[in-house]
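Computed from the coordinates by the stated procedures, all read-outs in this text should not be read as laboratory data. Remember, it's a predicted structure, so these values are computed and weren't measured experimentally. Positions of Cβ are backbone-derived with ideal geometry, glycine not excepted, and every protein chain shown enters the neighbour counts.
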Amino acid sequence: MKLRIIEKAWGINRMSGERSARVTDNRVFDPSVGAVLDFPNGRRRFTIDAADENSITVTLHCKNTAFNKTWVILKGENKLYIPRSMDGGYCYRLIYEDETVLCHYAVSMTVEKSSGEHDLAQSKFFGSPTVPNAWQDRFHDDIVFLAQIRLADIAELDYDNRLPHTGYLYFFLDAEMYPSDRLDVWVEYYPSEPDTVIDNFNAMSPISDGLNDDWLITFHYAEPSADGTKLFGVPSGVINENGCTSTLLLQYDPLDFDGVPFLNNLDGYAYVFFGEDEADYDAVSYVVERS
């Protein structure tokens, strides 16, 4: 077992009201009782008061002891500490990591159908992908644009660096066999900034209805077992109960996409799994679970 503490500096722009955050420290500690853990950026000190294979007890020490705080964190769980502040400061996420588990976290994706003008290069499902100009002739009519992830958007949430944190990751489906669930997935990494928008990409595909709107993504930290659409973690459906040994890259939950007919009769999830080498995107696989 290990204790991970992630420190973030956050602030609010008083003119725009926009909140921003950046990771200023990210360290892993052995669970040694009595250890003192100092974070000089935010001037915070923690101690480990007790620890075993199932839980750890950690105390935050403040100058005013009335504000001291103690947590008992169970194996695989985490606590978030945000000091009271109106316009910024430092916050901390404490995670008691089980070293036998491959992934200790997920990145959840909240999606919202676009309305009005927006950045076409931002992270999204469906709609019009923004790709390198050289890719335009690579797509035939059976290819469906599923999602693009601007990897800088997840850099602070992907603390184990499961993916690159620059460039874009794209998800396409070969829908030649549609309406069968046996579709091929095509995942492509592009390390730079794309420059070409392909409008109405899905208009000619076999599952074009409802896939021409951009569904914009907001990312959040989540527990590995979180339901819904997400990156990483563990599958939420019965596939996990049946002894799934594949490593999750993307989980698609059709319940998050109200009005989109793609998989809207599915009582389960669609998954994209890593291959044995997580950097080999040619080895990923696509699985639809119907419970």
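Could you tell me the ratio Rg/Rh of the range 2-97? Both radii from Cα atoms, Rh via Kirkwood.
Taking Rh as the inverse mean 1/r over Cα pairs, Rg/Rh reads 1.00.
Can you give the longest run of the chain that contains no trypsin sites (Lys or Arg not before Pro) sitting in a DSSP loop with at most 11 other Cβ atoms inside 10 Å?
183-291
When the chain is treated as a GNM, springs tying every alpha-carbon pair under 10 Å, which of P194, P206, P179 comes out with the largest mean-square fluctuation?
Of P194, P206, P179, the most mobile in the Gaussian network model is P179.
Taking only Cα atoms and a 10 Å spring cutoff, compute GNM fluctuations for the chain and point out the largest among D174, D38, D49.
Largest GNM mean-square fluctuation: D38.
Restricting to DSSP loop positions (anything but H, G, I, E, B) with no more than 10 other Cβ atoms inside 10 Å of their own Cβ, which GluC sites (Glu not before Pro) remain in the range 240-291?
Filter output for the range 240-291: E276.
Can you give the calculated 222 nm mean residue ellipticity of the chain, where each DSSP H run of n ≥ 4 adds -39,500 (n - 2.57) and the sum is split over every residue, rounded to the nearest 500 deg cm²/dmol?
Value at 222 nm, helices only: 0 deg cm²/dmol.
At a Cα cut-off below 22 Å, give the lysines reachable from K2, other chains included and same-chain residues fewer than 8 away excluded.
Candidates past the 8-residue exclusion: K69, K75, K79.
Need the C-alpha centroid separation for the range 192-259 versus the range 15-61, integer Å.
Here the answer is 32 Å between Cα centres.
Work the Kirkwood hydrodynamic radius out for the range 201-241: mean of 1/r over every pair of different alpha-carbon atoms, inverted, in Å.
Kirkwood radius, the range 201-241: 12.9 Å.
Using DSSP to call loops (not H, G, I, E or B), can you name the chymotrypsin sites (Phe, Trp or Tyr not before Pro) in the range 212-277 whose Cβ has at most 13 other Cβ atoms within 10 angstrom?
Sparse-neighbourhood loop chymotrypsin sites (Phe, Trp or Tyr not before Pro): none present.
Over the Cα atoms of the chain, what Rg and Dmax result, in angstrom?
According to the Cα coordinates of the chain, Rg and Dmax are 21.2, 65 Å.
Computed from the mean reciprocal separation of all distinct C-alpha pairs, what Kirkwood hydrodynamic radius does the range 226-291 have, in Å?
12.3
If you filter the range 98-147 for GluC sites (Glu not before Pro), then keep DSSP loop positions with at most 14 other Cβ within 10 Å, what is left?
E99, E117
For the range 118-202, report the translational diffusion coefficient in µm²/s to the nearest whole number, using Stokes-Einstein at 20 °C, 1.002 mPa s, and a Kirkwood Rh over Cα pairs.
The calculation lands on 158 µm²/s.
If the elastic network links every pair of Cα atoms under 10 Å, which of D227, D267, D98 fluctuates the most in the Gaussian network model of the chain?
D267
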